[in-house]
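Engineer: Here it is: the structure, laid out below.
The values are calculated or read from the model by the stated rules, or taken from the named source; none is laboratory data. Everything numeric here is computed off the predicted structure, so don't read it as measured data. Note that we place each Cβ from the backbone using ideal geometry, even for glycine, and neighbour counts take in every protein chain shown. We work out accessible area using only protein heavy atoms, side chains counted, and drop any ligands, DNA or RNA first. Shrake-Rupley method; radii C 1.70, N 1.55, O 1.52, S 1.80 Å.
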Amino acid sequence: MAESTAVGPPDRKDSAMWIFQRPSPFLPLPREEIRARLLPWITTRDIVGSAPYGHLRPLAPGLCDVLTLDLDNAALPLPDEHLDSLGELDDLRDRALANLRALPVERHTVLRGAGSIRFDVVRGASVFTSSRALALDALIEQLTGAETGPDGALVAMPDRHQLAFRALEFPRDTSLVGTLNALAAHARAAFEGSAVRVSPDVYWWREGTLTRLVHHDAGRPEFTEDGAFEKLVRRLAETTEHNAPTH
């Protein structure tokens, strides 16, 4: 696929510098600074481990999010015992999401394929870059100035430093299936080439909810049946056929 002109600094290559740190019984930071560094982190359940994260939320098969402290070159998931002194859980989630929305966009590119196939890729040094899928509507508005429609967006989180997505624009998205296939190929390649993997799969984002559409099983992409998405594909196909010029 062709790549448009990128804006922002080049990708950070020293991913090995990122160190996953287990929670310490003592956090030598003021309470307000901890709240300012609190972010929701999309990860896999096996990465978090067996510590008591009662606030952990399942997002989709294989993925969850956990409230985590951003220590610049490290991620520190906070167990419930540390959150209790920081405030009410709902308030902490709101604060963490606001912090996530405030992250800068370091590098944004648009990959294009045949016809109208295209999708956006955001890369950054932060290990929370892929977690911006939790606030994808805000990111899309920040990059394009447009609000995300009711049909949502396709999104992939192949590694911690990358997020790929395509906002769906009914009735103009006539290349939905082609874009889904291209995004799936991109996600798998990026996942396999990364040392800080998240998921090779592709998801459908709607109002903060993730539904897995493409699952890579033993290297082969498999479409996960979803009735609502299939209806969207048919609706787009019918609209395209209806609007096709007649001779």
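Engineer: Limited to region 191-206, what total is found for residues that are more than 21 Å from Val177 (Cα to Cα) and open to solvent by 50 Å² or more (accessible area, probe 1.4 Å)?
Structural biologist: Summing the residues that are more than 21 Å from Val177 (Cα to Cα) and open to solvent by 50 Å² or more (accessible area, probe 1.4 Å) in region 191-206 gives 4.
Engineer: Quick one: Ala51 ticks every box in (1) of a type outside the set (D, E, K, R); (2) open to solvent by 60 Å² or more (accessible area, probe 1.4 Å); (3) at pLDDT 60 or above; (4) over 23 Å from Ala98 (Cβ atoms) bar one, so which box is it?
Structural biologist: (2)
Yes or no, residue by residue, for (1) modelled with pLDDT under 95; (2) within 13 Å of the chain's Cα centre (by Cα); (3) of a type in the set (Lys, Arg):
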{"site": "Gly115", "(1), (2), (3)": "yes, no, no"}
{"site": "Arg123", "(1), (2), (3)": "no, yes, yes"}
{"site": "Arg132", "(1), (2), (3)": "no, yes, yes"}
{"site": "Glu141", "(1), (2), (3)": "yes, no, no"}
{"site": "Ala164", "(1), (2), (3)": "no, yes, no"}
{"site": "Leu168", "(1), (2), (3)": "yes, no, no"}
{"site": "Ser175", "(1), (2), (3)": "yes, no, no"}
{"site": "Leu180", "(1), (2), (3)": "yes, no, no"}
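Engineer: Let me ask you something else. For region 177-220, how many residues are outside any helix (DSSP H, G or I), under 18 Å from Asp151 (Cα atoms) and not charged (D, E, K, R)?
Structural biologist: The total comes to 10.
Engineer: A follow-up question, please. Cβ-Cβ under 7 Å, sequence separation 6+ or interchain: first residue in region 225-247 and open to solvent by less than 100 Å² (accessible area, probe 1.4 Å), partner at pLDDT below 70. Which pairs?
Structural biologist: Correct list of pairs: Leu236/Phe170; Leu236/Pro171; Leu236/Asp173; Leu236/Thr174; Thr239/Pro171; Thr240/Thr174.
Engineer: With respect to Val121, determine if the residue is hydrophobic (A, V, I, L, M, F, W, C), more than 21 Å from Arg37 (Cα to Cα), outside any loop (DSSP other than H, G, I, E, B) and open to solvent by less than 30 Å² (accessible area, probe 1.4 Å). Talk me through it step by step, then tell me what you get.
Structural biologist: Values: hydrophobic (A, V, I, L, M, F, W, C): yes; more than 21 Å from Arg37 (Cα to Cα): yes; outside any loop (DSSP other than H, G, I, E, B): yes; open to solvent by less than 30 Å² (accessible area, probe 1.4 Å): yes.
Spelling it out, Val121 is indeed hydrophobic (A, V, I, L, M, F, W, C), more than 21 Å from Arg37 (Cα to Cα), outside any loop (DSSP other than H, G, I, E, B) and open to solvent by less than 30 Å² (accessible area, probe 1.4 Å).
Engineer: Please go through region 110-142 and pick out each residue that is closer than 22 Å to Arg95 by Cα and hydrophobic (A, V, I, L, M, F, W, C).
Structural biologist: Ala125, Val127, Phe128, Ala133, Leu134, Ala135, Leu136, Ala138, Leu139, Ile140
Engineer: I'd like the full set of residues that are of a type in the set (A, V, I, L, M, F, W, C) and either under 18 Å from His215 (Cα atoms) or open to solvent by less than 30 Å² (accessible area, probe 1.4 Å) (or both), limited to region 142-171.
Structural biologist: Ala153, Leu154, Val155, Ala156, Met157, Leu163, Ala164, Phe165, Ala167, Leu168
Engineer: I've got another one for you. Only one residue in Asp94, Asp70, Asp65 is modelled with pLDDT of 85 or more, open to solvent by less than 20 Å² (accessible area, probe 1.4 Å), within 23 Å of Gln142 (Cβ to Cβ) and among the charged types (D, E, K, R). Which one?
Structural biologist: Details: Asp94 fails: open to solvent by less than 20 Å² (accessible area, probe 1.4 Å); Asp70 fails: open to solvent by less than 20 Å² (accessible area, probe 1.4 Å).
Answer to the selection: Asp65.
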